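The values are calculated or read from the model by the stated rules, or taken from the named source; none is laboratory data. Please read all numbers here as calculations on a predicted model, not as lab measurements. Glycine gets a Cβ as well: all are built from the backbone with ideal geometry, and neighbour counts include every protein chain shown. Note: accessible area is taken over every heavy atom of the protein model, side chains too, but ligands, DNA and RNA are not part of it. Shrake-Rupley method; radii C 1.70, N 1.55, O 1.52, S 1.80 Å.
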Amino acid sequence: MRFSIYRYNPEADERPRMQAYDIALEPTDVMLLDALVRIKAHDDSLAFRRSCREGVCGSDAMNINGKNGLACITRLGDLKEPIELRPLPGQPVVRDLIVDMSQFFKQYHSVQPYLVNEEAPPEKERLQSPEDREELNGLYECILCACCSTACPSFWWNPDKFVGPAGLLQAYRFIADTRDQATNQRLDNLEDPYRLFRCHSIMNCVDVCPKGLNPTRAIGKIKDLLVKRTV
Ligand code: SF4
Ligand code: SF4
Ligand code: FES
């Protein structure tokens with residue numbers, strides 16, 4: 001199969017370039033990550049992240065033929081050749097397909113992505129009704145791959161000010177949790193022209209999420225709660 005892969009080592013190269021690879025694959029090479037591992041066997045200078053190879057760790061997110069996704073769950077048979085691979089857009093490149101995720105995680109941490117409850121914990125666990133627990137479906141499954149935030153134009157332009165779809169999905173995951181007591185502080189933290197309201201509902205995030213999550217809907221729910229708070 002034919003590939004065209006972004007290559008850049010900021011410490012050695014003047015500028016990035018696309019490198020062509022023509023690789024004979026084995027019948028067991030079904031997913032794009034299999035092909036990348038095969039390519040690396042021929043050229044070990046190629047750098048990319050991967051770990052679980054099951055769509056769980058989120059580390060092999062990259063731009064595949066123009067769309068963000070995870071290499072390990074992308075079927076080679078579904079891709080048009082030459083398969084063009086680039087790093088996630090809008091982030092500083094560490095090397096080849098590896099980007100610096102610091103800004104992404106900074107925004108994620110800025111929403112306090114953990115349960116806040118000042119009451120002493122009960123002996124066993126903090127219970128929820130099945131209906132309350134249901135509210136968290138579609139929110140807790142995020143694997144922090146950054147496919148969504150790095151597909152979002154608002155995040156490209158203001159990565160230091162706009163939380164981005166992944167962080168906002170997590171913000172809502174705790175706002176929606178009946179066991180959490182910090183709803184008001186969480187809403188205060190997002191009531192800002194940039195942090196939340198830079199989302200213009202373009203829905204790129206929904207289009208690329210490999211887990212089928214819907215950050216736009218979560219963002220809309222936070223906006224609704226803020227409006228309700230002021231009326
Ligand atoms: S819907 Fe909002 S968060 Fe999602 S890509 Fe568009 S602007 Fe970004
Ligand atoms: S919402 Fe989806 S695309 Fe965004 S970080 Fe989570 S799993 Fe990845
Ligand atoms: S290697 Fe873990 S999600 Fe692809």
Item to complete: Note down the relative contact order for the chain as a percent, whole number, built from C-alpha pairs under 8 angstrom at least six residues apart.
Response: 18 percent
Fill in: Vicinal HN-Hα couplings computed from phi for the range 121-126 (Karplus, 6.51 cos²θ - 1.76 cosθ + 1.60; Hz; Gly/Pro x)
x, x, 4, 9, 7, 7
Worksheet, complete the sentence: Within the set Pro113, Pro165, Pro27, GNM on the chain using Cα springs under 10 Å gives the largest fluctuation to Pro27
Response to the item:
Connecting every pair of Cα atoms under 10 Å apart in the chain and solving the GNM, the largest mean-square fluctuation among Ala41, Ala171, Ala61 falls on Ala41
Practice prompt. State, to one decimal in nm, how far the label point of Lys124 lies from the label point of Arg179, with both points 7 Å from Cα in the Cβ direction.
Written response: 1.3 nm
Worksheet item: Which FRET efficiency value, to the nearest 0.05, is calculated for Glu191 and Leu136 with the Förster distance at 30 angstrom and r the Cβ-Cβ distance?
Response: 0.85
Fill in: Inter-part distance where the range 84-149 and the range 205-226 are each reduced to a Cα centre, Å
13 Å
Discussion item. Using 29 Å as the Cα-Cα cut-off, could you pick out the over-long pairs in Lys124/Lys211; Lys40/Lys106; Lys124/Lys221; Lys67/Lys106?
Written reply: Lys124/Lys211; Lys40/Lys106; Lys124/Lys221
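Summing +1 for each Lys or Arg and -1 for each Asp or Glu, what net charge is found among the other residues whose Cβ lies under 9 Å from the Cβ of Met18?
Residues close to Met18 contribute a combined charge of +2.
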Worksheet item: P(r) tail for the range 1-66, what percent of Cα pairs lie past 13 Å?
Response: 69 percent
Worksheet item: Say we join alpha carbon atoms closer than 10 Å with springs in a Gaussian network model of the chain; which of Val56, Val163, Val30 then has the biggest fluctuation?
Response: Val30
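Using r as the Cβ-Cβ distance of Met18 and Gln112, and R0 as 25 Å, what FRET efficiency do you calculate, to the nearest 0.05?
Calculated transfer efficiency: 0.05.
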Item to complete: Using a 1.4 angstrom probe on heavy atoms only, work out the carbon and sulfur share of the accessible area of the chain in %.
Response: 49 percent
Worksheet, complete the sentence: For the range 50-132 the GluC sites (Glu not before Pro) that pass both the DSSP coil test and the at-most-12 other-Cβ-within-10 Å test are Glu54, Glu118, Glu119, Glu123, Glu125
Item to complete: Provide the per-residue ³J(HN,Hα) series for the range 36-47, in order, calculated from phi with Karplus coefficients 6.51, -1.76, 1.60 and θ = phi - 60°, each as a whole number of Hz, with x at glycine and proline positions.
Response: 5, 5, 5, 4, 5, 5, 8, 9, 6, 7, 6, 10
Worksheet item: Applying 1/(1 + (r/R0)^6) with R0 = 22 Å to the Cβ-Cβ distance of Ser51 and Phe105, what FRET efficiency is obtained, to the nearest 0.05?
Response: 0.85
